[in-house]
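The structure is given below, and queries will be raised subsequently.
The values are calculated or read from the model by the stated rules, or taken from the named source; none is laboratory data. If you're wondering where the values come from, they're calculated on a predicted model, not measured in any experiment. Here the Cβ positions follow ideal geometry from the backbone for every residue, glycine too, while neighbour counts run over all protein chains shown. Note: accessible area is taken over every heavy atom of the protein model, side chains too, but ligands, DNA and RNA are not part of it. Shrake-Rupley method; radii C 1.70, N 1.55, O 1.52, S 1.80 Å.
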Amino acid sequence: MDPIKVEFSDGGKKKSMKDVLIPPEKAGLKIVINIIITLIVAVAAYYFLLPPMNLQSYDFYIYWAIVLASYVGSAFLTSGAFIKPEYVPYVRRQSIVPVALGLVLAVVVGIGYLVSSPFFRAKDYAEILTIDNAEFDNTISVIDSISDFDKVPLIDKDAARALADKTIGDFSALGLESQFEILENDSTQINYKGSPYRVYPLQYGDVFKWFTNSVMGDEYEGIPGYVRVNLNTQEAQLVTEFDIKYSTAEHFNEYLERHLRFKFPTYIFGDTSFEIDDNGKPFWVVEHIKKTVGLVGGDDVVGVILVDAVTGEDIYYTAEEIGADNSEIAWIDQAYDADLLVQQYNYLGKYAGGFWNSIIGQSGVKQASQGYSFIAVGDDVYLYTGVTSVTSDDSILGFFFINQRTKEGFFYNTTGATEAAAQLSAQGKVSDKGWKAAFPILLNIDGEATYFMALKDNANIVKSYAMVNVQQYNVVAIPTEENADLTSAVSEYIKGLKALSPSVIIDVNFDVSGNKPADGTGDSTGLAKITGTVSDIRTTVVSGNTYFYIELDNSDVYYYVAADVADMVVLFDIGDTITVTIDEASEGQLVEALQMLLGKEDVPAEDTPEVTPEEETTAEEETTAA
């Protein structure tokens, strides 16, 4: 037998422990296990994180970083390298491919970030949004009578939310009390049948209530309805005609984004808004976003996905289709999220003069003021906010308005107080009461740019109104009486304008049917009877009782009555002639009816003396002679 030779010399080269590859036992099986673990992590991460498979999305890079890291982590675990350092070189060799892929992705997103930077692409950011100059009267509808306030939101989103919360108790009539609450941060301001509304989707109060009703129930039918609040009449209504199965508050495959991600794996989703069509049916409007500057910069909407909240069916519309005059989808009010539009305007205001001008000199640099609101122009909802200089936020340079459906934008050039300054002025007038001013709405009062705002108490209940002139912001009008009506607020405002400048010519009609009965004669009992043709009928459920709101063709007032008080009201149709009995002292846009009868009630003979033909002829002759 040959002697065993042992080589103690390394030929002059030294090898460290890290250069020696020592594979663990059953190395091949452990590689298979590592791959399986990585696949499980990849599927779970995709299901819960829902990243788009799109190089323009940062979520794409985060997702792949998690997947690649999971392979490296599982290799350390299965090899035991955490407790046996001699296996570390082997694990490093196994990690070369995932680490290299991770570095490639990091380089791609890093270069993409640089080429998308405003430093190189300031002009491209400024051109995302186009704004045209416009005259005030051509942009905002002129209000020259109190009846024109019918389309003006008289309450803000916080006051509307307080009204919406109160309607949740109406679920008690369905035996579902304490099950639901308003879904946070998902209300949308829309125009519905010519009036400003906020619509609120619902969610289960907690995950246990959802689990009890969806998983343990016989058949999950979804959330039974939504809430809509009329921002003008302040009527809140719980709508229970539709079972909403797909929403942003659902779980598993009914979760809206997951429902869409499996069908649109490469789309970058933007904001999701909850809307209703002309029949009150609920839908979700989901933005499809693309980056317009470089690889990862300049978000803009290129289309929307319209999702039926009941069935989950969806239709894709391009931005051009949404902005066109399409009667089928004309009811869609928000294709562009308000925050996105404000961001795009700030790009325009900041970078129109180039990147360096936005830092040094800042000539012509503008920005949106803090906060925004919405107004109706025609059938569309416009976002509006003031514009200020970046060097001062004490006064405005004007206002910009953007159509949330078409992205059509206008700028109205004026100077005056910011919205925040107007709020402080109004609150200063009622500091003794502790009321807070809502974010102002910009109105055109017979040519005068005017801030209009509700004054609320700590419970978000509207107590009064305030009006502040934009240019002459020392004109602050607040009715002296608590719970004063709209007419009083406008009257005080016009008095303030004329007191400051007698040359001011403003003509607003105060003969308003919205605050008084339109037609009727009071009698000895203090009651008034109004006869007219039904032009609109609306219903709501309050604490289990159904209330009917009836509008007549000769009045802007809605007369309301409970069905158990006037049972004939359920038979009324639009076009019917009815007689409504009210307290003659009633005022406001919502008047309680003491009685409603179908048909015209006969007027007593003593109140309408008969005129003979001879008397009629004589009267005509006297009139002619005069």
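Only one of these is at pLDDT 50 or above and crowded, with 18+ Cβ neighbours inside 10 Å: Val565, Val512, Val591. Name it.
Val591
In this structure, does Tyr317 turn out to be open to solvent by 10 Å² or more (accessible area, probe 1.4 Å), of a type in the set (Phe, Trp, Tyr) and in contact with a Leu (Cβ under 9 Å, 6 or more places away or on another chain)?
Against the criterion (open to solvent by 10 Å² or more (accessible area, probe 1.4 Å), of a type in the set (Phe, Trp, Tyr) and in contact with a Leu (Cβ under 9 Å, 6 or more places away or on another chain)), Tyr317 qualifies.
So, of the residues in region 305-314 that are surrounded by 12 or more Cβ atoms within 10 Å (Cβ to Cβ) and not hydrophobic (A, V, I, L, M, F, W, C), which turns out to be farthest from Ile244 (Cα to Cα)?
Checking each candidate, the answer is Asp314.
Could you tell me how many of the residues in region 439-472 are closer than 17 Å to Asn232 by Cα, at pLDDT below 90 and outside any strand (DSSP E or B)?
Within region 439-472, residues that are closer than 17 Å to Asn232 by Cα, at pLDDT below 90 and outside any strand (DSSP E or B) number 2.
Regarding region 142-155, can at least one residue be identified that is over 28 Å from Ala319 (Cβ atoms), in a strand (DSSP E or B) and either modelled with pLDDT of 85 or more or among the polar types (S, T, N, Q) (or both)?
Among the residues of region 142-155, at least one is over 28 Å from Ala319 (Cβ atoms), in a strand (DSSP E or B) and either modelled with pLDDT of 85 or more or among the polar types (S, T, N, Q) (or both), which makes the answer yes.
Only residues that are modelled with pLDDT of 90 or more and surrounded by 20 or more Cβ atoms within 10 Å (Cβ to Cβ): list them for region 370-387, please.
Ser373, Phe374, Val381, Tyr382, Leu383, Tyr384, Thr385, Gly386, Val387
May I ask you to list pairs of residues, at least six apart or on different chains, whose Cβ atoms are under 8 Å apart, with the first in region 111-140 being in contact (Cβ under 8 Å) with a residue 60 or more places away in the chain and open to solvent by 30 Å² or more (accessible area, probe 1.4 Å) and the second being of a type in the set (D, E, K, R) and not in a loop (DSSP other than H, G, I, E, B)?
Short answer, once both residue conditions are applied: Val115/Arg121.
Still on this structure: Does region 271-281 include one or more residues that are in contact with a helix residue (DSSP H, G or I) (Cβ under 9 Å, 6 or more places away or on another chain) and open to solvent by 30 Å² or more (accessible area, probe 1.4 Å)?
yes
Next question, about the same structure. Can you list the strands (runs of 3 or more DSSP E) lying wholly within region 256-321 that have 3 or more residues being touching an Asp or Glu at 6+ places or on another chain (Cβ under 9 Å) and either in contact (Cβ under 8 Å) with a residue 60 or more places away in the chain or more than 28 Å from Pro118 (Cβ to Cβ) (or both)?
268-276, 282-293, 297-308
Are there any pairs, at least 6 apart or on different chains, whose C-beta atoms fall under 8 Å, with the first in region 44-64 and more than 19 Å from Ile111 (Cβ to Cβ) and the second open to solvent by 50 Å² or more (accessible area, probe 1.4 Å) and in a loop (DSSP other than H, G, I, E, B), and if so, which?
What qualifies is Pro52/Pro265; Pro52/Thr266; Pro52/Tyr267; Met53/Pro265; Met53/Thr266.
Name every residue in region 407-455 that is open to solvent by 40 Å² or more (accessible area, probe 1.4 Å) and among the β-branched types (Val, Ile, Thr), in order of residue number.
Thr415
Let's see how each residue does on (1) at pLDDT below 90; (2) under 28 Å from Val293 (Cβ atoms):
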residue	(1), (2)
Val6	yes, no
Ser9	yes, no
Pro24	yes, no
Ile36	no, no
Ile40	no, no
Ala44	no, no
Leu55	no, yes
Tyr58	no, yes
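If Asp485 passes every condition in (1) over 28 Å from the mean Cα position of the chain (by Cα); (2) closer than 20 Å to Ile143 by Cα; (3) not aromatic (Phe, Trp, Tyr) but one, which one does it miss?
(1)
Continuing with this model, one more query. Among the residues of region 594-607 satisfying the criterion of being at pLDDT 80 or above and not in a loop (DSSP other than H, G, I, E, B), which is surrounded by the most Cβ atoms within 10 Å (Cβ to Cβ)?
Let us first name the residues in region 594-607 that are at pLDDT 80 or above, namely 594-598.
From what's left, not in a loop (DSSP other than H, G, I, E, B): 595-598.
On the way: Gln595: 16, Met596: 22, Leu597: 15, Leu598: 14.
Restricting to residues being at pLDDT 80 or above and not in a loop (DSSP other than H, G, I, E, B), the top hit is Met596.
On to the next question. Just one of (1) open to solvent by 20 Å² or more (accessible area, probe 1.4 Å); (2) within 23 Å of Asp158 (Cα to Cα) trips up Glu328, so point out which.
Tallying (1) open to solvent by 20 Å² or more (accessible area, probe 1.4 Å); (2) within 23 Å of Asp158 (Cα to Cα), Glu328 fails exactly one: (2).
If you don't mind, there's one more thing I want to ask. I'm checking my understanding of the structure. Among residues of region 46-65 that are among the hydrophobic types (A, V, I, L, M, F, W, C) and touching a Leu at 6+ places or on another chain (Cβ under 8 Å), which one is surrounded by the most Cβ atoms within 10 Å (Cβ to Cβ)?
Trp64
Okay, next question. Return yes or no: is Gly73 in contact with a Phe, Trp or Tyr (Cβ under 9 Å, 6 or more places away or on another chain) and more than 30 Å from Leu340 (Cβ to Cβ)?
No, not satisfied.
Grab the helices (runs of 4 or more DSSP H) fully contained in region 46-133, keeping just those with 3 or more residues being farther than 27 Å from Arg261 by Cβ, among the β-branched types (Val, Ile, Thr) and more than 30 Å from the chain's Cα centre (by Cα).
The helices (runs of 4 or more DSSP H) meeting that bar are 96-115.
Now for a separate question. Which residue pairs have Cβ atoms under 8 Å apart, sit 6 or more places apart or on different chains, and have a first residue in region 345-371 that is closer than 20 Å to Thr415 by Cβ and of a type in the set (Lys, Arg) and a second that is in a helix (DSSP H, G or I) and open to solvent by 70 Å² or more (accessible area, probe 1.4 Å)?
Lys366/Lys350
Being in contact with a helix residue (DSSP H, G or I) (Cβ under 9 Å, 6 or more places away or on another chain), among the β-branched types (Val, Ile, Thr) and more than 30 Å from Val304 (Cβ to Cβ), is that true of even one residue in region 423-435?
no
Let me ask something else about it. How many residues are within 17 Å of Pro282 (Cα to Cα), surrounded by fewer than 16 Cβ atoms within 10 Å (Cβ to Cβ) and either touching a Gly at 6+ places or on another chain (Cβ under 6 Å) or modelled with pLDDT of 85 or more (or both) if we restrict to region 182-213?
The qualifying residues number 1.
Scan region 234-246 and tell me whether some residue there is closer than 25 Å to Pro51 by Cβ, in contact (Cβ under 8 Å) with a residue 24 or more places away in the chain, of a type outside the set (D, E, K, R) and in a loop (DSSP other than H, G, I, E, B). Spell out the reasoning first.
So the first thing to find is which residues in region 234-246 are closer than 25 Å to Pro51 by Cβ, and the list is 245-246.
Subsequent filtering for residues that are in contact (Cβ under 8 Å) with a residue 24 or more places away in the chain retains 245-246.
Subset that is of a type outside the set (D, E, K, R): 246.
Restricting the remaining residues to those that are in a loop (DSSP other than H, G, I, E, B) gives 246.
Scanning region 234-246, I find at least one residue that is closer than 25 Å to Pro51 by Cβ, in contact (Cβ under 8 Å) with a residue 24 or more places away in the chain, of a type outside the set (D, E, K, R) and in a loop (DSSP other than H, G, I, E, B), so the answer is yes.
Looking at region 355-426, what strands (runs of 3 or more DSSP E) fall wholly within it and have at least 2 residues that are closer than 24 Å to Ala159 by Cβ and out of contact with any Leu (no Cβ under 8 Å at 6 or more places or on another chain)? It would help to see each step written out before you state the result.
Numbers: elements: 366-368, 373-377, 380-389, 395-403, 409-417.
Hits in region 355-426: 373-377, 380-389.
Tyr493: at pLDDT 85 or above, open to solvent by less than 10 Å² (accessible area, probe 1.4 Å), of a type in the set (Phe, Trp, Tyr) and under 26 Å from Leu383 (Cβ atoms), yes or no?
yes
Any residue at all in region 390-397 that's modelled with pLDDT under 90, open to solvent by 10 Å² or more (accessible area, probe 1.4 Å) and under 19 Å from Asp339 (Cα atoms)?
Yes, the conditions are met somewhere in region 390-397.
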